[in-house]
1. Quick one: what pairs do we get from region 162-185, first residue closer than 22 Å to Glu118 by Cα, second at pLDDT 95 or above and in a loop (DSSP other than H, G, I, E, B), C-beta under 7 Å, 6+ apart or different chains?
2. Please specify each residue of region 113-143 satisfying the condition of being closer than 16 Å to Leu221 by Cα, in contact with a helix residue (DSSP H, G or I) (Cβ under 8 Å, 6 or more places away or on another chain) and surrounded by fewer than 18 Cβ atoms within 10 Å (Cβ to Cβ).
3. Name the residues in region 343-379 that are closer than 19 Å to Asn218 by Cβ, among the β-branched types (Val, Ile, Thr) and not in a helix (DSSP H, G or I), would you?
4. Return a yes/no flag: does region 62-73 have any residue that is under 18 Å from the mean Cα position of the chain (by Cα) and modelled with pLDDT of 95 or more.
5. Return the only residue of Gly78, Gly69 being outside the structural domain of Gly219 (by TED's automatic domain parsing), of a type outside the set (Asp, Glu) and farther than 24 Å from Ser193 by Cα.
6. If Phe58 meets every condition in (1) in contact with a Gly (Cβ under 7 Å, 6 or more places away or on another chain); (2) at pLDDT 95 or above; (3) not charged (D, E, K, R) apart from one, which number is that one?
7. I'd like to know if region 103-113 contains one or more residues that are farther than 13 Å from Gly151 by Cβ, under 24 Å from the mean Cα position of the chain (by Cα) and not assigned by TED's automatic domain parsing to the domain that holds Leu369.
8. Leu106 versus (1) part of a strand (DSSP E or B); (2) aliphatic (A, V, I, L, M); (3) at pLDDT below 95: which is the lone unmet condition?
Amino acid sequence: MSRKSVAVLDIRSHDIAVFVGERGVNGSFVFKANKVERYMGYGEGTFNDEEALFDAVFRAVSFVEKVIGARLKELYIGVPGEFVRVIAKRQETGFSKRRKIGQKELDMLCASGIEEVEGYTFIRASSVYYTTADNRRTVDPEGIVSTGITGDFSYFYCSDYFIGKMEKFFGKQKITLRYLPTQLALANFLIPSETRDEHALLLDAGTMSTTISVVLGNGVLAQKTFGMGTGQFALPLKDKFPTANNPLNQIDGAIALLCKANLYAKTSDDVTEFLWQNVPHEISTQKLVTTAKEGLNELCELVSAFLDQYQYLIPALEYKPIYVTGEGICKIRGALEYISKWLSRVCEQIVPDVPYYNKPEMSSRIALLDMAYEDNRKRGAIYRLINGFGG
């Protein structure tokens with residue numbers, strides 16, 4: 001694997017993906033290897049079936065290593081919102097006299113806000129914005145001369161449970177693990193910086209889990225994960241599909257059927273025909289649409305409660321659109337318009353602005369690859385600076 005390539009494990013609520021890639025020309029991305037595997041997902045802070053998760057990761061890693069012809073030495077792991085706690089804090093420092101602010105001062109300011117959180121381990125911090133002593137607000141104060149600096153930061157902590165499971169699996173493989181908060185990666189990659197500068201809302205709608213985030217600058221002020229997605233919406237439909245000694249077959253079939261719903265359709269006695277694993281199925285179109293709407297209603301109630309809480313603290317959120325991505329509700333025709341009407345605010349689908357990968361289900365893959373690649377590049381530059389460019 002070349003020095004420019006990075007390996008990433010993206011853990012979603014319905015499947016996992018292991019891939020190796022790097023940035024290409026003109027903002028494109030190149031995947032050297034990619035493997036997606038299904039598993040039983042997670043909920044309430046734990047994995048539903050650890051052995052199924054380990055088996056899925058093992059198959060994906062083995063496949064990728066075979067394709068690239070080398071063992072993985074380092075792996076970036078995207079941590080879903082279910083296992084992340086975000087703490088937003090303001091840190092400040094003053095100087096005895098005016099001085100040029102450098103990266104050293106910014107790193108020390110940020111580090112001063114890291115705290116011990118029971119059951120969690122610090123994995124990353126991101127600046128929201130900075131304010132100089134003379135009240136100049138900026139996202140990059142390096143080089144500015146001032147008598148002091150205040151920084152608003154987002155601190156991300158990963159649950160010890162999650163880290164423990166990852167280390168248990170990869171411990172014997174001598175792979176260095178690095179953890180990335182998936183929601184931060186999504187926010188900073190998908191939402192333009194000028195939009196994030198004035199607050200933004202991001203809804204990452206997965207299959208079995210959905211996370212909403214309040215975004216500002218380069219950070220996340222707050223986020224909330226709900227155990228709700230198209231998988232839960234589809235539960236009333238699962239009895240139409242046999243388990244065939246594989247419970248995933250039922251839920252996969254039900255989700256695929258749910259995604260045939262067209263919320264634009266008028267009430268009728270029509271029948272929706274559906275082919276699953278070469279077996280034809282029929283369902284009342286009205287029942288299909290009703291099932292989808294009932295699930296969306298539950299999700300909207302949860303999102304609305306979250307918005308009510310934070311709109312009180314941040315009034316500017318009242319008129320902000322919600323950017324929606326992920327492999328969940330975006331696949332249901334008319335779903336965005338339905339939740340937009342329910343929540344009385346604009347809901348827009350947002351996807352990677354990358355050819356071939358501009359689909360909502362690819363958002364976390366591309367966003368994590370971008371963040372991992374940038375981290376790897378910066379660490380490489382620091383290494384060369386310390387050890388010499390020939391070292």
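The values are calculated or read from the model by the stated rules, or taken from the named source; none is laboratory data. Source: prediction; values computed, not measured. Neighbour counts run over all protein chains shown; Cβ positions are idealised from the backbone, glycine included.
1. That search, which allows pairs on different chains as well, returns Thr182/Pro80.
2. Val139
3. The answer is Ile350, and nothing else.
4. No, region 62-73 contains no residue that is under 18 Å from the mean Cα position of the chain (by Cα) and modelled with pLDDT of 95 or more.
5. Gly69
6. Condition (1) is where Phe58 drops out.
7. No, region 103-113 has no match at all.
8. The one condition Leu106 does not meet is (1).
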